[in-house]
1. Can you find a residue in segment 46-54 that is in a strand (DSSP E or B), free of Cβ contacts under 8 Å to residues at least 40 places away in the same chain and more than 21 Å from Arg14 (Cβ to Cβ)?
2. Could you look through segment 43-63, keep only residues that are crowded, with 22+ Cβ neighbours inside 10 Å and aliphatic (A, V, I, L, M), and pick out the one that is nearest to Ile85 (Cα to Cα)?
3. Take the residues in segment 2-30 that are part of a helix (DSSP H, G or I) and among the charged types (D, E, K, R); name whichever of them is surrounded by the most Cβ atoms within 10 Å (Cβ to Cβ).
4. Just to be sure I understand, how many residues within segment 31-42 are surrounded by fewer than 19 Cβ atoms within 10 Å (Cβ to Cβ) and either out of contact with any strand residue (DSSP E or B) (no Cβ under 6 Å at 6 or more places or on another chain) or of a type in the set (Val, Ile, Thr) (or both)?
5. If you scan segment 31-40, which residues turn out to be within 14 Å of Leu51 (Cα to Cα) and outside any loop (DSSP other than H, G, I, E, B)?
6. Identify all residues within segment 55-74 that are among the hydroxyl-bearing types (Ser, Thr, Tyr) and either in contact with a Leu (Cβ under 7 Å, 6 or more places away or on another chain) or under 16 Å from Ala10 (Cα atoms) (or both); write none if there are none.
7. Which of the numbered conditions does Thr58 fail, given that it passes all the others? Conditions: (1) part of a helix (DSSP H, G or I); (2) in contact with an Asp or Glu (Cβ under 8 Å, 6 or more places away or on another chain).
8. Looking at this structure, is Val69 touching a Phe, Trp or Tyr at 6+ places or on another chain (Cβ under 6 Å) and either exposed (fewer than 15 other Cβ atoms within 10 Å of the Cβ) or in contact (Cβ under 8 Å) with a residue 24 or more places away in the chain (or both)?
Amino acid sequence: MICYDRQIPAVAQRLAQNGAELILNPSYGMKGDCNREFLSARAQENKVPILFVHPDQTVFSGAQGEIQVDVRPRADESRLALVSIELPARQ
């Protein structure tokens, strides 16, 4: 899903219903604490982990809605964020 889609529950729901095991959410728009809330809610609702990637913020929510990563580099820091994701075994 892209950018604003993280705010619309039906987008993540449709992806999960179609078998998504991980949802990626690239964005260049809004950044900040609101993304923690959006991603946590969408992940928890659908039991699918979500990775949000923005030039100024990277957020990862596990499938239960727990925020595991929230990286916000300062202007003088690297924009590279390494996130280790362990997906649940397929059933």
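Please treat every number below as a calculation from the coordinates, not as lab data. All of these numbers come straight from a predicted model, not from anything done at the bench. Cβ atoms come from the backbone with ideal geometry, glycine included; neighbour counts cover every protein chain shown.
1. Yes, the conditions are met somewhere in segment 46-54.
2. Taking the candidates together, the pick is Ile50.
3. From segment 2-30, those part of a helix (DSSP H, G or I) are 3-7, 9-17; that's our starting set.
So of that shortlist, the ones also among the charged types (D, E, K, R) come out as 5-6, 14.
On the way: Asp5: 16, Arg6: 25, Arg14: 13.
So, considering only residues that are part of a helix (DSSP H, G or I) and among the charged types (D, E, K, R), the one surrounded by the most Cβ atoms within 10 Å (Cβ to Cβ) is Arg6.
4. Taking segment 31-42 first, the residues surrounded by fewer than 19 Cβ atoms within 10 Å (Cβ to Cβ) are 31-34, 36-37, 40-41.
Still in the running and either out of contact with any strand residue (DSSP E or B) (no Cβ under 6 Å at 6 or more places or on another chain) or of a type in the set (Val, Ile, Thr) (or both): 32-34, 37, 41.
Residues in segment 31-42 being surrounded by fewer than 19 Cβ atoms within 10 Å (Cβ to Cβ) and either out of contact with any strand residue (DSSP E or B) (no Cβ under 6 Å at 6 or more places or on another chain) or of a type in the set (Val, Ile, Thr) (or both): 5 in total.
5. In the first step, residues of segment 31-40 are kept if they are within 14 Å of Leu51 (Cα to Cα); the result is 31, 35-40.
Across segment 31-40, the qualifying residues are Asn35, Arg36, Glu37, Phe38, Leu39, Ser40.
6. Ser61
7. (1)
8. no
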